Amino acid sequence: MSTDAPAKPELGEINKYNFRTETTGVFKAEKGLSRDTVNQISDIKNEPDWMREFRLRSLEIFESKPTPTWGGAIDLDFQDIYYYLKPTSGQGRTWEDVPQEIKDTFDKLGIPEAEKKFLAGVKAQFESEVVYGSLEEDLAKKGVIFTDTDTAVREHPELLREYFGKIIPPEDNKFAALNSAVWSGGSFIYIPKGVSIDFPLQAYFRINAESMGQFERTLILVDEGANVHYVEGCTAPMYSTESLHSAVVEVVVKRNARCRYTTIQNWANNIYNLVTKRAYAYGDATMEWVDGNLGSKLTMKYPAVHMMEPGARGEILSIAFSSAGQHQDAGAKLVHEAPHTTGQIVSKSISKNGGRSSYRGLVSVMPGAHHSKNSVVCDALILDSESRSDTYPYIEVAEQDVQIGHEASVSRIGEEQMFYLLSRGLTEQEASTMIVNGFIEPLVKELPMEYAIEMNRLIQLQMEGSVG
Amino acid sequence: MTHVLKIENLHVSVGDKPILRGVNLTINHGETHALMGPNGSGKSTLGLAVMGHPGYEITEGTITLDGEDVLAMAPDERARAGIFMAFQRPMAIPGVKMADFLRHATTNVRRPDRKEGEELIPMREFRKELKEKMEHLRMDSEFARRYVNDGFSGGEMKRAEILQLAMLQPKFAILDETDSGLDADAVRLASESIADIGHQKMGLLIITHHDKLLEHNPPEFTHVMLGGRLVETGGPELAEELHRHGYDRIRKAYPDAAAANEEMLGEETEEALA
Ligand SMILES: Nc1ncnc2c1ncn2[C@@H]1O[C@H](COP(=O)(O)OP(=O)(O)O)[C@@H](O)[C@H]1O
Ligand SMILES: [Mg+2]
């Protein structure tokens, strides 16, 4: 394995809790994408034929689709990317190789030593076993499955064959096709009927070799009347030598069930973050996406909820913060497929130091989806005259008897607000940070406590200009 | 040493429009001054210029605090130097809780040398003090968790300004119509609170049209502003006269200032109509 590929944690440390156990075999994929690469990935993972065929079919779709020209400027050479990095032990990056600025940021964030090293791609030992061990036992008793998707393909073939790639088929878009061809890692979660998990399930506890790859693939099935909150990502800047992150997340929320999926991501400035997320919500079910995006060169991400049966609800909260050299093209999609369904989008974006944030949203009321209600509120805050914010709302309504609301506002940090805070002794830095934190507060208070605190701290660092 | 806030020959413009045309005013620590005058005469402008609002350009004159050049200070430095203004129209800061805002403000004003990012006043200590002060002002404790001035009634905003006065304990405070929009009971409470917090403990400049706010804060001096100048200064009896009889006598006595006032107001109306 070459040294410029991120190394992964020592798997032997965490294998007793059903994590991936293979630690042997060092596989260095060639750069670039071909049937051979895809076959190799499938071989290495020892996958069933259906998955290999799915990958190969996806590759053809990927090759047949043009790179999208809307959204942000994508300047990627697909042949200059490693598509699969087999975890190794021993040969990885060392802490000394990690750039000082990244280390400094970790220090400012107060990230624990072990997590720092993991985040930087340095192999490390983890102390999360203890926490996670008892958690896992508890979950298993309730019949919950919480594993990585590779393991799920082997251990839960019935569920995977029924749902994998069904919510987001590879035909959906070029990057979903790419992910479908080369995916690795990600989480698989199944919550049985009526089971309610009263603490957030965190990807963090599932730190292992493949849980946070470049092309992770997550599938969440919430059975009837069940309830789960899944939290993904972390607020430390994710450091990778690879320039493309393209994940696919599929969620199915059955009748009367509820799922909230929270993401906070802060990518390094060289990353293209092109993610497809979609949920199907059935009768009286609720799906909520809470999505915070910071950093990256370009993020294109529009979490979607399709409301499939009467009474379904979809809610999407999105926060985007873009600074110098960053373009956040973020938004949401709500598709009312059935009558009496309710959707809500709240989007807040902040642009600073020449950063660019766009809200791109689709609200679609399909034929037959009468008595649907939908509201969209998007607010943009621009901190200086070099920065930019755009709004692209698309609304398609095929029914008469519906309620659709759309409000958009763009504001610059008000001179009067600033003056008010300064006149009370706050410095300019403190005042603008306070105004920005206030602006996103309605979303931050939806986050689990520790994420809310980190989010505020991150905003502060962003405002000081010491990150990203 | 007694603290002194000294304003000399102050000229202030907004855009190209001259508003204050040579204001002289000296306030000693412990004194209470009333500032009266018809609408548009420049009372708020004086306060905002002292506080350092960027929209108000000082074209001539000086402001000093104990001999230090106030005009050289940024607004936050003025606050930390001990100058405070309760605004006629306070700004809403959505999403920012009163308590968080006040904790920052109080820390910075009490510890003027604090560097950004250094510790704030310990939470416990701060909460205790805030709670006491709020009880004193008969404010619901829930107030601390609300967003700064966001959705406040007129009365709530004014009380929030008084709470800030109580927490920040400035050397000099300008209170700009802290009685407007309040009912009689609320004005009495405000008058008592201000007396309690500031009378003879700070230098107070109370801008008002009425005499109620002055009830518990009898001014040693009353100043009348007209057309951007202080045209007359007297004792408490002047405040009473103006409250009773209005500004007709003043307008007649100072026709030039009255004309300047009309002119400014005229432009204001044109702006409003435009
Ligand atoms: N920010 C401003 N922009 C334009 N004109 C202003 C502004 N502030 C004050 N003025 C003008 O200055 C004059 C004095 O206003 P102000 O100081 O608010 O008077 P007062 O407080 O005595 O009613 C008015 O004619 C007003 O229109
Ligand atoms: Mg005024």
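The values are calculated or read from the model by the stated rules, or taken from the named source; none is laboratory data. Not measured: the values here are computed from a predicted model. Cβ: placed from backbone, ideal geometry, glycine included. Neighbour counts: every protein chain shown. Ligands, DNA and RNA are stripped out before the accessible areas are found, and what is left, the full protein with its side chains, is counted by its heavy atoms. Shrake-Rupley method; radii C 1.70, N 1.55, O 1.52, S 1.80 Å.
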Is it the case that residue B:267 is within 11 Å of ligand 1 (Cβ to nearest atom), open to solvent by 10 Å² or more (accessible area, probe 1.4 Å) and in contact (Cβ under 8 Å) with a residue 12 or more places away in the chain? yes
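State yes or no: is residue B:163 away from ligand 1 (no atom under 16 Å from the Cβ), within 14 Å of chain A (Cβ to nearest Cβ) and hydrophobic (A, V, I, L, M, F, W, C)? Give the steps one after another, and end with the answer.
Working: away from ligand 1 (no atom under 16 Å from the Cβ): yes; within 14 Å of chain A (Cβ to nearest Cβ): yes; hydrophobic (A, V, I, L, M, F, W, C): yes.
Yes, satisfied.
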Checked B:89, B:110 against criteria (at negative phi, under 21 Å from the mean Cα position of the chain (by Cα) and within 16 Å of ligand 2 (Cβ to nearest atom)); the one match is B:89
Give the residues of segment A:441-450 that are at the interface with chain B (Cβ under 9 Å from one of its Cβ atoms) and touching a residue at least 12 places away in the same chain (Cβ under 8 Å), sorted by residue number. A:442, A:444
Looking at (1) under 17 Å from the mean Cα position of the chain (by Cα); (2) within 26 Å of residue B:248 (Cα to Cα); (3) within 16 Å of ligand 2 (Cβ to nearest atom), which one does residue B:19 not meet, given that it meets all the others? (1)
In segment A:296-315, how many are more than 13 Å from the chain's Cα centre (by Cα) and open to solvent by less than 10 Å² (accessible area, probe 1.4 Å)? 5
Checking B:45, B:62 in turn, the sole residue that is out of contact with any helix residue (DSSP H, G or I) (no Cβ under 8 Å at 6 or more places or on another chain) and either more than 11 Å from chain A (Cβ to nearest Cβ) or assigned to a loop (DSSP other than H, G, I, E, B) (or both) turns out to be B:45
Among the residues of segment A:395-411, is any within 14 Å of chain B (Cβ to nearest Cβ), out of contact with any Pro (no Cβ under 8 Å at 6 or more places or on another chain) and at pLDDT 95 or above? no
Output the residue which, of all residues in segment B:170-188 that are open to solvent by 30 Å² or more (accessible area, probe 1.4 Å) and either touching a residue at least 12 places away in the same chain (Cβ under 8 Å) or within 16 Å of ligand 2 (Cβ to nearest atom) (or both), is farthest from the other protein chains (Cβ to nearest Cβ). B:184
Which residues, taken from segment B:79-88, are within 15 Å of residue B:110 (Cβ to Cβ) and at the interface with chain A (Cβ under 9 Å from one of its Cβ atoms)? B:79, B:80, B:83, B:84
Is it true that residue A:430 is touching a Lys or Arg at 6+ places or on another chain (Cβ under 9 Å), charged (D, E, K, R) and within 11 Å of chain B (Cβ to nearest Cβ)? no
Across segment A:47-71, what is the number of residues that are free of Cβ contacts under 8 Å to residues at least 24 places away in the same chain and not hydroxyl-bearing (Ser, Thr, Tyr)? 6
If I filter segment B:10-67 down to residues being at negative phi and without any contact (Cβ under 8 Å) to a residue 40 or more places away in the chain, which single residue comes out as farthest from ligand 1 (Cβ to nearest atom)? B:26
Odd one out for residue A:387, checked against (1) away from chain B (no Cβ under 14 Å); (2) of a type outside the set (Val, Ile, Thr); (3) open to solvent by 30 Å² or more (accessible area, probe 1.4 Å): (3)
Do we have any residue at all in segment B:221-229 that's open to solvent by less than 40 Å² (accessible area, probe 1.4 Å), more than 14 Å from chain A (Cβ to nearest Cβ), within 13 Å of ligand 1 (Cβ to nearest atom) and part of a helix (DSSP H, G or I)? no
